[in-house]
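Enquirer: Below is a structure I'd like to ask you about.
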Amino acid sequence: MDPANYYRLPWTLNDNVLSWLEPTKKCNIYCEGCYSTNEHDSHKTLDQVRSDMDVFTAKRKMDSMSIAGGDPLTHPQIVDIVRMIRDEYNLKPVVNTNGHAMTPEFLHDLRMAGLHGVTFHIDSGQGRPNWKNRDELELCALRLHFAEMVQREGGLSCAFNMTVYRDTAKHVPRLVRWAQEHIDIVHSMVFILFRTARSREFTYHAGPKEVAMDEVIYYDQEKNPAPMTTPELIALIREQEPDFDAAAYLGGTKDPSSFKWTLVGRVGTPGKDGRVHGYVGKRFMELIQTGHHFFAGRYLAYSDPRLLSQGKAMLAGFAPVDAGVRRAAKDWVKTVARHPGRVVQALHFQSIAFIQPIDHMADGEANMCDGCPDMTVHDGQLVWSCRLDELKRHGTFLSCRPRAAEAH
Ligand code: SF4
């Protein structure tokens, strides 16, 4: 993948799409490699949450707030937190949950409080009661259960996150196909590549002190010798779906040509007889981001789900300026020529994102997402949420030193 072919997303530290609020560290299931706990006393009070929100809004423009954790649904005042984010801070609240505690009644209360959407984290690395030892494809039944619950409630955005391990990557092309089959109710899929400590190449240090590998919470390289990259995963999807292509990306802070966040947008119809008509290109993403910023003063994170089913208007509006949308429009016209009844069928927009977490340069420097959307607050400062645990355990971010250099 050549970065020149994609739109470099304009997100920065102080002007971004999202931020990442952690009102609790408590979780109700255990996921492979996760550092959250089952402790009740990690819940923040509403005043502490408000204080974090004040830091976010003083330091950063944003469109949405990801409410994560731990699992945010374990927080006894999660409905009040959602209401606070919507009413006091005028942001779109989106809960990032494993869904274990989600019920239709709970979802309704959250929507009444101003919830914009739900991102369900579901994958086979989770110790999820009643769903143990299921592979990624079997878990699609659970994904569909939640997607239909969100659809019945109405008016909410629905996304699914999945952590991708090297041995589960083979299922990703089928999940991408599953997402098309439910493109009318699944608005977004996010594939997060599993993070691995590079213990064969580096030693880890908190200031001058070396940290033993069993104190580094990330999965050890012995268990995952060759972490995947986003271009590798996209190449795997293309074996099944040759037209699959990204439109936009975020580079790395040290390696500008790395694909740290990669966004795909596509238009299609649901069902096994449905199809993806095409993939939007870089001009579409550029116009959406800059246009939204021009009119609303902030970059767009989550669209209104009602707009996502206006695919035909989107094709008409963007075909003159975007080559990918033009190809999708032509494919739709050909399909309608063969099956005239489909002219009345709604077309849906769906996004697919890939996140490649922290990786390292040869000298040990960390390559982070350049314009990290998932910044959180720690001690009144914005910090990378993926490395919050380093601060909490060691009081500082860990640094890496190449083993070869140490030997000299
Ligand atoms: S830098 Fe870390 S927290 Fe920020 S987006 Fe990348 S992986 Fe997520």
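Enquirer: For the Cα atoms of the chain, what angle does the longest principal axis make with the long axis of helix 46-59, in degrees from 0 to 90, nearest 10?
Expert: Result, in degrees: 80.
Enquirer: Additional query: Any chance you could tell me what percent of the C-alpha pair distances in segment 78-192 go past 25 Å?
Expert: So the portion of pairs separated by more than 25 Å is 24 percent.
Enquirer: Relative to the Cα centre, what is the charge dipole magnitude of segment 148-247, using +1 at the beta carbon of each Lys and Arg, -1 at the beta carbon of each Asp and Glu, and rounding to the nearest 20 debye?
Expert: Numbers: 11 positive and 16 negative charges, 32 e Å.
Computed about the Cα centre, the dipole is about 160 debye.
Enquirer: Still on this structure, I have one more. Between Ala206 and Phe295, how many nm apart are label points set 7 Å from Cα along the C-beta direction?
Expert: Output for this residue pair reads 4.9 nm.
Enquirer: Once the piece of chain linking Ala4 and His145 is laid out straight, how much longer is it, given 0.36 nm per residue of separation minus the C-alpha distance between them?
Expert: Extending this stretch completely gives an extra 46.8 nm.
Enquirer: For segment 196-330, how big is the tail of P(r) above 21 Å, as a whole percent of Cα pairs?
Expert: On the way: 5329 of 9045 pairs.
Result for the distance tail: 59 percent.
Enquirer: Full extension from Thr229 to Ala316: what is 0.36 nm times the residue separation minus their Cα-Cα distance, to one decimal in nm?
Expert: Working: separation 87, 0.36 × 87 = 31.32 nm, distance 3.48 nm.
Additional length available on full extension: 27.8 nm.
Enquirer: Taking the Cα centre as origin and putting +1 on Lys and Arg beta-carbons and -1 on Asp and Glu beta-carbons, what dipole magnitude results for the chain, to the nearest 20 debye? Please list the in-between numbers first.
Expert: On the way: 48 positive and 51 negative charges, 265 e Å.
Computed charge dipole of the chain: roughly 1280 debye.
Enquirer: Can you tell me which aspartates and glutamates have their Cα less than 13 Å from the Cα of Lys92? Leave out same-chain residues fewer than eight positions away.
Expert: Partners within reach: Asp63, Asp304.
Enquirer: Further question: Compare the Cα positions of Gly125, Met112, His145 along the charge dipole of segment 87-162 (+1 at Cβ of Lys, Arg; -1 at Cβ of Asp, Glu; about the Cα centre) and return the one farthest towards the positive end.
Expert: Highest projection toward the positive end goes to Gly125.
Enquirer: While we're on this one: Taking the radius of gyration and the Kirkwood hydrodynamic radius from Cα positions alone, what is the Rg/Rh ratio for segment 296-380, to two decimal places?
Expert: Details: Rg = 19.8 Å, Rh = 16.9 Å.
My calculation of the ratio gives 1.17.
Enquirer: Next question, about the same structure. Out of all Cα-Cα pairs in the chain, roughly what percent, to the nearest whole number, are more than 39 Å apart?
Expert: So the pairs more than 39 Å apart make up 16 percent of the total in the chain.
Enquirer: So how do 104-113, 76-85 stack up, highest first, on mean other-Cβ count within 10 Å? Don't skip to the end; give the middle numbers.
Expert: Numbers: 104-113: 15.7, 76-85: 19.3.
With the highest mean Cβ count within 10 Å placed first, the list reads 76-85, 104-113.
Enquirer: Would you calculate a helix-derived [θ] at 222 nm for the chain, using -39,500 (n - 2.57) for each DSSP H run of n ≥ 4 and dividing by the full residue count, to the nearest 500?
Expert: Taking each H run of at least 4 residues, the total per residue is -9000 deg cm²/dmol.
Enquirer: Hey, fewest Cβ within 10 Å first, where do Phe349, Phe191 land in order?
Expert: Ordered by Cβ neighbours within 10 Å, fewest first: Phe349, Phe191.
Enquirer: Then there's this: Under a straight-distance cross-link criterion of Cα-Cα below 16 Å, which lysines are reachable from Lys312, leaving out those fewer than 8 residues away in the same chain?
Expert: Candidates past the 8-residue exclusion: Lys330, Lys334.
Enquirer: Structure shown: which of Lys209/Lys254; Lys61/Lys223; Lys44/Lys170 lie over 32 Å apart, alpha-carbon to alpha-carbon?
Expert: Working: Lys209/Lys254 24 Å; Lys61/Lys223 39 Å; Lys44/Lys170 39 Å.
Where the Cα-Cα span goes over 32 Å, the pairs concerned are Lys61/Lys223; Lys44/Lys170.
Readers should treat all values here as calculations from the given coordinates under stated rules, not as data from a laboratory. Given the structure is predicted, the values throughout are model-derived calculations rather than measurements. A quick note on method: Cβ atoms are made from the backbone with ideal geometry, for glycine too, and the neighbour counts reach across all protein chains shown.
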